[in-house]
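Remarks on the structure that follows.
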Amino acid sequence: MTQPSRHPVDERLPLGRLTALGLQHVLVMYAGAIAVPLIVGRALKLPPEQVSMLISADLFCCGIVTLIQSLGLTSWFGIRLPVMMGVTFAAVGPMVAIANAVPGVDGARAIFGAGIGAGVVALLIAPLMSRLLRFFPPVVTGTIILIIGVTLMRVGVGWAMGGPENTAQSVDTVKLAAMVDAARASGAPELKLAGPVPMTPNPNYGALDHLGIAAFVLAVVLCLVRFCRGFLANISVLLGIVAGCVVTFAFGEMSFAKVGKAAWFQLVTPLAFGAPTFDLVMIVTFSVVMIVVMIESAGMFLALSELTGKDLDRKQLAAGLRTDGLGTLIGGLLNTFPHTSFSQNVGLVAVTGVKSRWVCVAGGCIMIVLGMLPKMAALVEAIPQFVLGGAGLVMFGMVAAAGIRILTRVDFRNNRFNLYIVALSIGFGLIPLVAPRWAQQMAHSLHPLLESGILLTAVAAVALNLFFNGTRDVPAESHGDAGATNNHQPIVQGSKA
């Protein structure tokens, strides 16, 4: 009697390949993973050693939650797909607001407490959120995945350009503090900034040498995809980044100074900042953010279901969304922030064709090690953004292409309403890209909802599909047809995984 074949998602690769492919996933998400603790740590005005502690805790927690999500923990937690978990940018606004109101360790404890409370709320509502699965036929999921790729392309282009287009002007904080103290002593009204922090153009934005290295990385990745097979093709992104680092170092634009100064080993201890504090308003605010995160995560999971050909049922989707809540709860205890699945890594699955969740298990282990070895974390952090830019263009473009491929299964000929669903949903999703300040006249509490193009697309697509097609499931376009993706050749020919 023949044994049933193992699904590519569950295939275990040799240790060497797992390590290389896992490291590739880590490099793709690393910049985003450390950005949030850097932003929040500086907003809290924490000393450098405590900001470093936030980064180490972030990496360590990302690794733990990635293991839970991709490996699974009982039937309650883990989507068991190739998913890398990281801290979400959706919570940056509320966290910075807390930091501005309560700077220092007290602010950090308030943020961690709000995260713990929101994590509990997310755990409770995950089954309810999973019931939305029937409202995501391919006309909806294909549109969401398409806009995920388009939205991420801004990240890839920003990497290739070497950083943000504008940077905050430097402020003489010592002089400013002296002015504030003098005003207080004289009884004058409190000094306040008259407007937003002034911005100045980044002189290194779009530097030709940076663009040249990004183009070189892109060329290396494409050549490996075109002329190599098997394992080399599967790690094309990693090899492209390594080649870019070699060239960057040769031109003297990559420094390892931070690596030498970093410690070799550092334990991540729970509640290192003290006992969290709990504020109901902050918990409610973070809970709203978690609803946004879970809707976006549902889109990511459905995208991976399409890419890997692994069907998802309501119970599995609930287990994946529940892990978002568990990760946020664990994050609050381990001195870090709300968690979500990282869409950047969905693009890597699309590029390589490697569907094994064990690759992300390896990536999670690497993240845990990086969290405890600051010197290794500093080595990865030393990679310039423009090196990642060339690889980002490939990965994020492939996400958009995957969305287009799903939309080819949608019946546009006999159901003209589907054209309206796709057209308007894409239009809503592009609003934050083409008009970043479009919500500035609206309540600040709504900004996390309104500044996510992915969320706007998801809400618009679901609402329009309900309006035009009703609540019925469409058998010809149901998620049971996700296995149809197996009829396509892998994007990169190589191992079965």
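On a 1.4 Å probe surface of the protein chains, which of R6, R409, R134 comes out largest in accessible area, and what is the full order? Spell out each step's value before the answer.
On the way: R6 155, R409 60, R134 95 Å².
From most accessible down to least: R6, R134, R409.
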*Heavy-atom accessible area ranking, 1.4 Å probe, most first, across H444, H7*: H444, H7
*For region 268-278, just list the computed ³J(HN,Hα) in residue order, Karplus coefficients 6.51, -1.76 and 1.60, θ = phi - 60°, integers in Hz, with x standing in for Gly and Pro.*
9, 9, x, 6, 5, 9, x, 5, x, 10, 10
_Formal net charge of residues neighbouring G244 (Cβ-Cβ distance under 14 Å; K, R +1; D, E -1)_ = -2
*Per residue, what accessible area does region 1-142 have, given a 1.4 Å probe and all protein chains present, in Å²?*
38
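If you roll a 1.4 angstrom probe over the protein chains with everything in place, what fraction of the accessible area of region 63-120 belongs to carbon and sulfur, to the nearest %?
Working: 1210 of 1690 Å².
C and S atoms contribute 72 percent here.
Which order do peptides 118-124, 12-18, 258-264, 323-329 fall in by mean Cβ count within 10 Å, highest first? Intermediate values should be presented prior to the final figure.
Working: 118-124: 21.4, 12-18: 14.7, 258-264: 12.3, 323-329: 28.3.
Listed from highest to lowest mean packing, they are 323-329, 118-124, 12-18, 258-264.
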*Go through T269, T336 and list them by solvent-accessible area, largest first, probe radius 1.4 Å.*
T269, T336
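On average, how much area does the Cα convex hull of region 280-403 cover when viewed from any direction, in nm²?
Values: hull surface 36.9 nm².
Orientation-averaged projected area of the Cα hull: 9.2 nm².
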*Tell me, how many Å apart are the Cα centres for region 396-443 and for region 67-114?*
28
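Write down the accessible area per residue of region 239-295 in Å², having rolled a 1.4 Å probe over the full set of protein chains. If you can, show how the numbers build up before the last one.
Working: 3310 Å² over 57 residues.
Accessible area per residue: 58 Å².
Kindly report the accessible area of region 306-453 per residue (heavy atoms of protein chains, probe 1.4 Å, no ligands, DNA or RNA), in Å². Provide the component values of the computation, followed by the final result.
On the way: 5340 Å² over 148 residues.
Each residue of region 306-453 exposes 36 Å² on average to a 1.4 Å probe.
Roll a 1.4 angstrom probe over the protein heavy atoms and tell me the percent of accessible area of region 244-340 that is carbon or sulfur. Please list the in-between numbers first.
Numbers: 2870 of 4060 Å².
Answer for region 244-340 is 71 percent, counting heavy atoms of protein chains only.
The values are calculated or read from the model by the stated rules, or taken from the named source; none is laboratory data. Quantities reported herein were computed from a predicted structural model and do not represent experimental measurements. Positions of Cβ are backbone-derived with ideal geometry, glycine not excepted, and every protein chain shown enters the neighbour counts. Areas reflect the complete protein model, heavy atoms only, side chains present, ligands, DNA and RNA absent. Shrake-Rupley method; radii C 1.70, N 1.55, O 1.52, S 1.80 Å.
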